[in-house]
Every structure is written in structure tokens, then in C-alpha cells.
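Below is one structure, written out as C-alpha cells; comments come after it.
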């Protein structure tokens, strides 16, 4: 997985000032006046967003490949249903999840 610093897309300071795309660096957030608990929550949320983004990045070429597999199955007169289901499972991989560690990758059907 990526080792880049997670980013907080939108952050409101105690003064009401809104910041965008703030690196989730604990020491910087504490200097901004956030409590340890708030910093922990902000960093945890930013990490989850980053992990889900990485999962979607990994998924993208798999979705493209699955399109070819559906067409290949049709060309070879093989049942397309398992390939369509695989593609749908890929599309829905993060749906309803709060934790990126709960992602279960579907198994690619054989042609």
C-alpha cells in the first residue's frame, strides 16, 4: 500500500477557518489546537479514506479486464453470468464498508 501522508479533505479550525487538503500529521494538528482525541479521529478517518482510494485504484484495471472477459466468454459461447457477477462484485467491493480491512476480493472465474 501507499506510504504517502493521508490528507484531510476539509478541516475546520476552532476559529471557524476552513482549510482544505490538510496533511494528517499529528504534531501539526495538535499545533492547530486539536485535542489528542480529535487528532486520533482525524488521522484515522484520513487513513481510511486513503486506504479506500488505494483499493479503488487496484480495482480499476480489474474492472477493465473483466469487461474483456465478459466479451471473451460471449465470443467463445461460454456462460457470461459468472464474469458479469465478478464484475459486479468488483464494482461493489467497498459498498457498505466502514473498514477497508473488511474488503473481500472476488475470485476471478476461469474461461
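Work out how much length residue 71 to residue 13 would gain on full extension: take 0.36 nm times their residue separation and subtract the Cα-Cα distance, in nm to one decimal.
15.7 nm
I'd like the orientation of helix 36-75 relative to the chain: the angle between its Cα long axis and the longest Cα principal axis, in ° from 0 to 90, rounded to 10.
Approximately 20 degrees, to the nearest 10.
So if I take the alpha carbon set of segment 1-50, get Rg, then get Rh from the Kirkwood formula, what is the Rg over Rh ratio?
0.95
Ignoring everything except DSSP H segments at least 4 long, calculate the 222 nm mean residue ellipticity for the chain; use -39,500 (n - 2.57) per segment, divide by total residues, nearest 500.
Mean residue ellipticity, 222 nm, calculated: -17500 deg cm²/dmol.
When only C-alpha pairs under 8 Å and at least 6 residues apart count, what is the relative contact order of segment 7-102, in percent?
So the answer I get is 20 percent.
From the P(r) of the chain, could you give the percentage of C-alpha pairs in the tail past 22 Å?
50 percent
What is the angle, in °, between the Cα long axis of helix 81-91 and the longest principal axis of the Cα atoms in the chain? Nearest 10 is fine, range 0 to 90.
10 degrees
Values in this text are rule-based calculations from the coordinates and carry no lab data. This is a predicted model, so every value here is computed, not measured.
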